[in-house]
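Scroll down for the structure; my scribbles are underneath it.
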Amino acid sequence: MKIAVLGGTGLLGHHAARAVHAAGHQLVLIHRPSSRIERLAYLEPECRAAELLDHTTLTQALRGLDGVIFCAGYYPTRPRRWQDDVSSALNQSNHFYAACLAARLPRILYVGAAISLPRHPQGLPGHEGLFYEGMPQWKNPYLLCKWALDEQAREQARSGLPVVIGIPGMTLGEFDVGPSTGRLITAIASGEMHRYVDGRRNLIDAADAGRGLLLALEKGRIGERYLLTGHNVEMSALTRRLAELLGVPAPRPLPLALARLFADLGRWRYALAGTPPKLSDTAIAVMAGGQFLDGHKAREELGFVADTPLEDTLQRAIRWFRDNRYL
């Protein structure tokens, strides 16, 4: 099969590209002209440059493919109104879906986020059948963007576009050049993150997540969500173990209400002085907005099992950040 990855320079995109290559498929990277795709040259991809908002070039880049993994989902990066973030997120992905329709793609995988699922009403691990009744109450930009994009992906599938939704847990691993989720590691290492907001997470190794995304593209049913899960872990245990491996003091818990207050103050300071907040709404959502997850459906339908031990994931991720001078 000829499979494209859009967003291959990011953590999940890089590992999805590695999975496509390892499975013997023909890998295509669709990237911005300015992207640093030389990092993926060892995968011997076919490279097609296109801007996400340029319908003509993006449609041309998507032609002749058997499938595409869309890892370039919107991520809020600076404080602004949640309405503006949601609008930007939906606008970008609307251009992507319109180009997929024009190119007549037979398989599309949208890479979602677990925060788009509401928490299980009985406190059990979350599953694919959980949906918000209307808009989420918490007006957090990251949460609302991921919720809106999940709604949009399912609506595209109902309208006839062959969209499958793959949702990895919290992902850590090598090649996190941003860093994205790996900010948890670099911030603890530098002492910048000396407090954390308690919560439950499911953490998956990036290599396992990439392999799961490929399986979801290959085998997933149109319009269905698939949770790609690893290890259920409390934020307290995760931050404590990372601190031990890094050789620094462990962060202490911070009440969610106080964290929100700090985020509000940071937002005002950004508006007045342009100083980026140390504790953002997105960071709070990543720490406190999660839940344990149930990966039964992906195991049964896709044959997906994440087999990397949690300790191996943490140690390898730290080693990569250290080798690449992030620490």
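Where a number appears in this text, it was derived from the coordinates with a stated rule and is not lab data. Just so it is clear, the model here is predicted, and its values are computed rather than measured. Backbone-built Cβ (ideal geometry, glycine too); neighbour counts: all protein chains shown.
Calculate the dipole size of the stretch 7-160 relative to its Cα centre from +1 charges on Lys and Arg beta carbons and -1 charges on Asp and Glu beta carbons; express the result in debye to the nearest 20.
With Lys and Arg at +1 and Asp and Glu at -1, about 200 debye.
Roughly what % antiparallel, to the nearest 5, for the DSSP beta bridges in the chain?
Counting DSSP beta bridges with both partners in the chain, the antiparallel share is about 10 percent.
Choose one of HIS194, SER93, LEU105: the residue whose Cα lies farthest towards the positive end of the charge dipole of the chain (beta-carbon charges +1 Lys, Arg; -1 Asp, Glu; about the Cα centre).
Comparing the listed Cα positions along the dipole, HIS194 ranks first.
With labels modelled as points extended 7 Å from the Cα through the Cβ direction, what inter-label distance (nm, one decimal) is found for TRP138 paired with ASP66?
Going by the 7 Å Cα→Cβ label model, 4.0 nm.
Assign one of three labels to the stretch 83-152, namely rounded, prolate or oblate, based on the Cα gyration tensor with a ≥ b ≥ c the square roots of its eigenvalues; rounded applies when a/c is under 1.5, prolate when it is not and a/b is larger than b/c, and oblate otherwise.
Numbers: a/c = 3.26, a/b = 1.56, b/c = 2.09.
Verdict is oblate for the stretch 83-152.
Taking the Cα centre as origin and putting +1 on Lys and Arg beta-carbons and -1 on Asp and Glu beta-carbons, what dipole magnitude results for the stretch 153-287, to the nearest 20 debye?
320
Helix-derived [θ] at 222 nm for the chain: sum -39500 (n - 2.57) over DSSP H runs of at least 4, divide by residue count, nearest 500?
Working: 11 runs with 141 residues, N = 327.
Result for the chain, helices only: -13500 deg cm²/dmol.
Tell me, how many Å apart are the Cα centres for the stretch 166-216 and for the stretch 254-280?
Between the Cα centres of the stretch 166-216 and the stretch 254-280 lies a distance of 22 Å.
Which value, in debye to the nearest 20, gives the size of the charge dipole of the chain about its Cα centre, when Lys and Arg are +1 and Asp and Glu are -1 at the Cβ? Intermediate results must be reported in sequence, preceding the final value.
Details: 38 positive and 32 negative charges, 127 e Å.
The calculation lands at about 600 debye.
What is the diffusion coefficient of the stretch 169-327 in µm²/s, taking the Kirkwood radius over Cα pairs and the Stokes-Einstein relation at 25 °C with a viscosity of 0.890 mPa s?
The calculation lands on 146 µm²/s.
Sort the stretch 203-271 into rounded, prolate or oblate with this rule: let a ≥ b ≥ c be the square roots of the eigenvalues of the Cα gyration tensor; rounded if a/c is under 1.5, and if a/c is not under 1.5, prolate when a/b is larger than b/c, oblate otherwise.
Cα axes put the stretch 203-271 in the oblate bin.
How would you rank 183-194, 165-176, highest first, on the average number of other Cβ atoms within 10 Å across their residues?
165-176, 183-194
Once the other residues with Cβ under 15 Å from the Cβ of GLU46 are scored (Lys, Arg +1; Asp, Glu -1), what is the net sum?
Residues close to GLU46 contribute a combined charge of 0.
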